[in-house]
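The values are calculated or read from the model by the stated rules, or taken from the named source; none is laboratory data. From a predicted model like this one, the values you see are computed outputs, not experimental measurements. Here the Cβ is made from the backbone with ideal geometry for all residues, glycine too, and neighbour counts use every protein chain on show.
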Amino acid sequence: MLDTQTRPFSDRQFRQALGLFPTGVAVVTGLARDQRKLGVTVNSFTSVSLSPPLISFNLDKKLKSIDEWLSADFFAVHFLAEGQEAISGGFACAEKDKWIGLNAVSGVTPCPLLQSKLAVFECEQFAHHEAGDHFIMIGKVLHFSIDQEARPLLYHGGSYRRLAQPHVA
Ligand SMILES: Cc1cc2nc3c(=O)[nH]c(=O)nc-3n(C[C@H](O)[C@H](O)[C@H](O)COP(=O)(O)O)c2cc1C
């Protein structure tokens, strides 16, 4: 049954409606100017442009490390694979050092990488734009690696999901 809302609607109602759009899950890693390793779980990843190769994700202005993200020269977007729910939860948690117990892998930029299971895109920051209570972060892809056999972790209605059907190439 259709539930309709006109402004003013609550943040909760709006968030619930947006959650009906199924997405993947990504962890973005970065390196702050003081060399502190950054990381955040996002499902706001979008491809933006093929030439030049641009991607984007949105960051909440309330993130503790938002200033570091805005000034980071490089970041890396890791698409999470099935079974990486704990990695997603760890990088969504604001209360702890998100990198404890994880090995950083080196890539083509100074940005620390996670062991990739599905895809990783190493980017230089191309631009960021203020948009309401978020910033739209845009990265120019310098390098990527993918595993076409891996299955993605999905997110829908506030829960992690898995593809129902095996991947067909
Ligand atoms: C599946 C999932 C998707 C998320 N997507 C986003 C997102 O797109 N943008 C965002 O700012 N926060 C998103 N979050 C919340 C952040 O991961 C979380 O607020 C952040 O890691 C807190 O970091 P901080 O310690 O820098 O404040 C998401 C969380 C989960 C579990």
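Here are ASP34, ASP97: which of them is in a loop (DSSP other than H, G, I, E, B), within 13 Å of the ligand (Cβ to nearest atom) and either in contact with a Pro (Cβ under 8 Å, 6 or more places away or on another chain) or more than 14 Å from TYR155 (Cβ to Cβ) (or both)?
Working: ASP34 fails: within 13 Å of the ligand (Cβ to nearest atom).
Within the list ASP34, ASP97, the selection yields ASP97.
Restrict the check to the range 9-26 and report whether at least one residue is surrounded by 15 or more Cβ atoms within 10 Å (Cβ to Cβ), out of contact with any strand residue (DSSP E or B) (no Cβ under 7 Å at 6 or more places or on another chain) and assigned to a helix (DSSP H, G or I).
yes
Among residues belonging to the range 37-53 that are aliphatic (A, V, I, L, M) and more than 14 Å from the ligand (Cβ to nearest atom), point out the one that is surrounded by the fewest Cβ atoms within 10 Å (Cβ to Cβ). Can you show your working first?
Taking the range 37-53 first, the residues aliphatic (A, V, I, L, M) are 38, 40, 42, 48, 50.
Filter once more, keeping what is more than 14 Å from the ligand (Cβ to nearest atom): 48, 50.
Values: VAL48: 15, LEU50: 7.
Of everything passing the filter in the range 37-53, LEU50 is surrounded by the fewest Cβ atoms within 10 Å (Cβ to Cβ).
Does ASP60 count as charged (D, E, K, R) and within 14 Å of the chain's Cα centre (by Cα)?
yes
Looking only at residues that are assigned to a strand (DSSP E or B) and not aliphatic (A, V, I, L, M) in the range 57-83, which one is nearest to the ligand (Cβ to nearest atom)? Write out each step before concluding.
Kept after step one, since they are assigned to a strand (DSSP E or B), are these residues of the range 57-83: 57-60, 74-79, 81.
Pick out the ones that are also not aliphatic (A, V, I, L, M) and you get 57-58, 60, 74-75, 78-79.
Details: PHE57: 6, ASN58: 5, ASP60: 3, PHE74: 17, PHE75: 13, HIS78: 13, PHE79: 12 Å.
Of everything passing the filter in the range 57-83, ASP60 is nearest to the ligand (Cβ to nearest atom).
Among the residues of the range 46-56, how many are part of a loop (DSSP other than H, G, I, E, B) and without any contact (Cβ under 8 Å) to a residue 24 or more places away in the chain?
Step one: list which residues in the range 46-56 are part of a loop (DSSP other than H, G, I, E, B), which gives 50-53.
Still in the running and without any contact (Cβ under 8 Å) to a residue 24 or more places away in the chain: 50-51.
Final tally of qualifying residues: 2.
Can you tell me which residue within the range 134-166, out of those that are within 11 Å of the ligand (Cβ to nearest atom) and assigned to a loop (DSSP other than H, G, I, E, B), is surrounded by the most Cβ atoms within 10 Å (Cβ to Cβ)?
So the residue we want is LEU153.
Within the group ASP34, ASP3, ASP11, which residue is modelled with pLDDT of 95 or more and acidic (Asp, Glu)? Outline the logic, then answer.
Numbers: ASP34 fails: modelled with pLDDT of 95 or more; ASP3 fails: modelled with pLDDT of 95 or more.
Exactly one of ASP34, ASP3, ASP11 is modelled with pLDDT of 95 or more and acidic (Asp, Glu), namely ASP11.
Any idea which of ASP67, ASP60 is without any contact (Cβ under 8 Å) to a residue 60 or more places away in the chain and out of contact with any Ser or Thr (no Cβ under 8 Å at 6 or more places or on another chain)? Break it down into steps so the answer makes sense when it comes.
Details: ASP60 fails: without any contact (Cβ under 8 Å) to a residue 60 or more places away in the chain.
Being without any contact (Cβ under 8 Å) to a residue 60 or more places away in the chain and out of contact with any Ser or Thr (no Cβ under 8 Å at 6 or more places or on another chain) holds for just one of ASP67, ASP60, which is ASP67.
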